[in-house]
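In what follows, a structure is listed as structure tokens, so that the remarks can point back to it.
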Amino acid sequence: MSKQGEVSFLESVNKNFDKAASYTDIPKGLLQQIKVCNAVYEINFPVRIGNQIQVINAYRAQHSHHRLPTKGGIRYSQHVNKDEVEALAALMTYKCAIVDVPFGGAKGGVKINPWSYNEEQLERITRRYTSELIRKNFIGPGIDVPAPDYGTGPREMAWILDTYVTFKGGEIDAAGCVTGKPVNQNGIRGRNEATGRGVFYGLRELCNTEDAMKKIGLTKGLEGKTVVIQGMGNVGSFTGSIMQNEGGIKVIGVAEYEGSIYDAKGIDVDKLIKFRKETGSIIGFPGTKNLGSRDAALELECDILIPAALENQITKDNAKKIKAKIIGEAANGPVSADAEEILVKKGVLIVPDMYLNAGGVTVSYFEWLKNLSHMRFGRMEKRFDSNTYSSFVGVVEKLTQKTIGAREKEFLTRGADEIDLVRSGLEETMINSFQQIWETYKRKKKIESLRSAAFVVALDKVSNDYQNLGIFP
Ligand code: NAD
């Protein structure tokens, strides 16, 4: 969705690519191969809705086959088009490279407004879309693995798996054909919260980086920072809730489709999510001021602005009015390339989407590995670890002649469950990747933004992969 007079989302991604490419010494032909979309499948299929047949337009773009399978979410939105899907697929390639997830990038889109169909109709659309992908070999655990995105969630992923299994009976790794599934249907604990939790780890790492905070005149640490969030869907709500409960930040503004609200004392995100579920709106949440327009919250004075809705929300039209010191791109492409130039000149630190929202694909990778191994993480070692820690505690008690309390003992002797391992793997990934981006940003003096630094990290890794394949000398 691009605003008038603004370059399209795909042009924005390519403009950012070209800028970052100029900081590398990757040969021109190889850069061109990395940039182009390798394959796009556009489908128009019929679905019966009530007494009528509706023709649904849909896409699956596989941006890069340098690693297989390709991976990327499926979006349900009336704004879906070929350019948007290609742009999102390209971001997936760079994102996977940044967080060392060994997949090429992909993205799917179905051009519908999901909120104007009932559950049965959505199921019919999802199943038909999946069978079209199967027919053209555009889905499979070793081919292309979808996941949730805007307008889709675990329910749609379960329908995709069931359709796949119906067609491919007996395929032993079939469960790995899609990720983001419900936990009781071959999903993994922690996938639903993963993108939001990754945003939290990423922003915490940035705020713990002394040089970065000095640069923008903020104190070190996440605690106490004021935050505004746009979009209270999957990503926005988990980001807000986890950052508030585990990071000690204060959410002072929230924007949703129906409008935006403000409270300088802080908005309880968990209560707000419950309130919106019950009333259908964030407007009227006790203690908050209605700011009138949907976009008004974006212009609030705050430390961190987190756009978590859609692309092209901060454009050259409103970039000058943004007062945040940090923009954490939880959504894909929320800041246009034109807006970024204005914001970088103003000294705003933009933490780019291709790093910050990579928590979703990281945990999707863990889910895929779980599906291929046919076993829950922690099953083999949990009890063994717990017994070893118990023996160790026993030895300490014997040597010190002191008894350790029951609660401490329980904490010290716990073996890790799946959720503990997923969260720890995600935390490690987000910290490592941030350090790689920050090092590149500091080392290459000419690089003007964290986005260019993240791109350089991604381009170096993808070009290495191509060279290892022996296609490019
Ligand atoms: P979602 O459908 O769960 O939530 C999006 C929310 O944004 C909805 O509540 C919607 O009402 C709101 N919204 C739409 N337009 C708005 C506007 N103009 N102003 C304010 N609010 C608006 O979608 P999601 O899965 O949370 O995805 C959000 C963004 O994060 C997308 O850009 C998506 O590509 C990206 N993303 C999602 C995941 C994931 O795991 N779900 C992973 C990586 C990136």
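The values are calculated or read from the model by the stated rules, or taken from the named source; none is laboratory data. Note that this is a predicted model, so its numbers are computed, not measured. Don't worry about glycine lacking a Cβ; one is built from the backbone with ideal geometry, like all the others, and counts go over all protein chains shown. For accessibility, only protein heavy atoms count, side chains too; no ligands or nucleic acids. Shrake-Rupley method; radii C 1.70, N 1.55, O 1.52, S 1.80 Å.
Data for the structure
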| item | result |
| --- | --- |
| Strands (runs of 3 or more DSSP E) (entirely within the range 22-119) containing at least 1 residues that are surrounded by fewer than 20 Cβ atoms within 10 Å (Cβ to Cβ) | 39-49, 52-62 |
| Hey, residue 8 touching a helix residue (DSSP H, G or I) at 6+ places or on another chain (Cβ under 8 Å) and open to solvent by less than 20 Å² (accessible area, probe 1.4 Å) or not | no |
| Complete set of residues in the range 335-366 that are over 15 Å from the mean Cα position of the chain (by Cα) and within 14 Å of the ligand (Cβ to nearest atom) | 335, 336 |
| Condition check for residue 317: in a loop (DSSP other than H, G, I, E, B) and acidic (Asp, Glu) | yes |
| Residue list for the range 289-325, filter: within 13 Å of the ligand (Cβ to nearest atom) and open to solvent by less than 10 Å² (accessible area, probe 1.4 Å) | 297, 298, 305, 306, 307, 311, 312, 314, 315 |
| Subset of the range 174-216 that is of a type in the set (Val, Ile, Thr) and open to solvent by less than 30 Å² (accessible area, probe 1.4 Å) - its residue that is nearest to the ligand (Cβ to nearest atom) | 195 |
| So residue 264, is it more than 14 Å from the ligand (Cβ to nearest atom) and open to solvent by less than 70 Å² (accessible area, probe 1.4 Å) | yes |
| Residue list for the range 221-258, restricted to those being away from the ligand (no atom under 11 Å from the Cβ), buried (at least 19 other Cβ atoms within 10 Å of the Cβ) and in a loop (DSSP other than H, G, I, E, B) | 222, 225, 249 |
| Residue check for residue 311: touching a Pro at 6+ places or on another chain (Cβ under 7 Å) and at pLDDT below 95 | yes |
| Residues located in the range 120-132, provided they are in contact with a helix residue (DSSP H, G or I) (Cβ under 8 Å, 6 or more places away or on another chain), open to solvent by 30 Å² or more (accessible area, probe 1.4 Å) and over 16 Å from residue 177 (Cα atoms) | 123 |
| Failed criterion for residue 279 (all others in (1) away from the ligand (no atom under 11 Å from the Cβ); (2) surrounded by 20 or more Cβ atoms within 10 Å (Cβ to Cβ); (3) β-branched (Val, Ile, Thr) hold) | (2) |
| First in the range 142-164 and farther than 18 Å from residue 363 by Cβ, second anywhere and open to solvent by less than 10 Å² (accessible area, probe 1.4 Å) and among the polar types (S, T, N, Q), Cβ under 6 Å, 6 or more apart | 144/70; 151/77; 159/126; 163/130 |
| Every pair of residues 6+ apart whose Cβ atoms lie under 6 Å, when the first sits in the range 303-328 and is within 15 Å of residue 252 (Cβ to Cβ) while the second is small (Gly, Ala, Ser) and within 12 Å of the ligand (Cβ to nearest atom) | 304/328; 306/328; 306/330 |
| Residue list for the range 148-173, filter: of a type in the set (Val, Ile, Thr), outside any loop (DSSP other than H, G, I, E, B) and within 16 Å of the ligand (Cβ to nearest atom) | 160 |
| Test: residue in the range 133-140 that is within 15 Å of the ligand (Cβ to nearest atom), open to solvent by less than 40 Å² (accessible area, probe 1.4 Å) and not in a helix (DSSP H, G or I) | no |
| The range 387-440: number of residues that are of a type in the set (Gly, Ala, Ser), surrounded by 13 or more Cβ atoms within 10 Å (Cβ to Cβ) and either under 29 Å from residue 359 (Cβ atoms) or in contact with a Gly (Cβ under 6 Å, 6 or more places away or on another chain) (or both) | 4 |
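Matching residues to (1) under 20 Å from residue 372 (Cβ atoms); (2) over 22 Å from the mean Cα position of the chain (by Cα); (3) of a type in the set (A, V, I, L, M):
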{"site": "127", "(1), (2), (3)": "no, yes, no"}
{"site": "136", "(1), (2), (3)": "no, yes, no"}
{"site": "146", "(1), (2), (3)": "yes, no, no"}
{"site": "150", "(1), (2), (3)": "no, no, no"}
{"site": "158", "(1), (2), (3)": "yes, no, yes"}
{"site": "162", "(1), (2), (3)": "yes, yes, no"}
{"site": "166", "(1), (2), (3)": "no, yes, no"}
{"site": "172", "(1), (2), (3)": "yes, yes, yes"}
{"site": "177", "(1), (2), (3)": "yes, no, no"}
